[in-house]
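Remarks on the structure that follows.
Every number in this text was worked out from the coordinates using simple rules, so none of it is lab data. On a predicted model such as this, the values are computed, not experimentally measured, just so you know. Reconstructed Cβ throughout: ideal geometry from the backbone, glycine too, with neighbour counts over all protein chains shown.
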Amino acid sequence: MTTIENTRKRAENDAKTNGYYLASDQELLKDLLEGLHKNEQRYGYPSCPCRLASGKLELDRDIICPCDYRDPDVNDYGQCYCGLYVTKEIYDKKKSAKPIPERRPLEKQGRAYTISTEQTAESAKTAIKKTPEIQTKLWYCKQCGYVCFREDPPYVCPICKAKREMFAELDVTTQVREKIS
């Protein structure tokens, strides 16, 4: 079982590895880390605290922290959507943070569900069952060989930082057929 301190260490290590900083506003940082921790306890994975998770891993892969949108957001705006990861300029308050548009496609945002006070637990279960399934594919980075299994390739390779265009889909069924024959 993870603790908030483990969540903090994981975020700090990831920030350091990628040349980022964690939010300098300690109250905001505490709230974001608590949100990550609660989501990990709730869903079994640390979904981004600034987005509504569906509770289904296959639907939420793109918003598992650090989310797929973090690197492009930090690159373009100096911080990620929720403000957990920031550049040195934002951390040192040499630059001010600006509003960040949502990069997550609307169709993925629509997969999350909300429960109104009128809904019963049974109708919530029905809503979850009606959530469309995702077609996951095998992607590999042509630059470093990193492989991932997901709906779309990541915006940036987590290993070599190559852009999304450097990813190609692997057609495993064709390769398996070739090996059998």
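Going by neighbour counts of Cβ atoms within 10 Å, the residues T17, T87, T7 line up, fewest first, as T17, T87, T7. Kindly provide the GluC sites (Glu not before Pro) of the range 1-102 that DSSP labels as loop, not H, G, I, E or B, and whose Cβ sees at most 16 other Cβ atoms within 10 Å. Sites meeting the loop and neighbour criteria: E102.
Each residue of the range 95-103 was assigned a 3J(HN,Hα) from its phi angle through the Karplus expression (A = 6.51, B = -1.76, C = 1.60, θ = phi - 60°), giving 10, 9, 6, 10, x, 10, x, 5, 8 Hz with x at Gly and Pro. Derived scalar couplings between HN and Hα for the range 75-80 equal 4, 8, 10, x, 7, 7 Hz in order, rounded to whole Hz, by the Karplus curve 6.51 cos²θ - 1.76 cosθ + 1.60 (θ = phi - 60°), x for Gly and Pro. Extension gain for R104-D25 works out to 25.9 nm (0.36 nm per residue, less the C-alpha to C-alpha distance).
Pairs K9/K108; K16/K108; K16/K94; K38/K98; K16/K38: which exceed 25 Å Cα-Cα? Working shown, then result.
On the way: K9/K108 29 Å; K16/K108 29 Å; K16/K94 19 Å; K38/K98 27 Å; K16/K38 23 Å.
K9/K108; K16/K108; K38/K98, as the Cα separations exceed 25 Å there.
Our compactness index for the range 1-110, the C-alpha radius of gyration over the empirical 2.2 N^0.38 Å, is 1.02. By the beta-carbon count within 10 Å of each Cβ, the least crowded to most crowded order of S96, S24, S54, fewest first, is S96, S24, S54.
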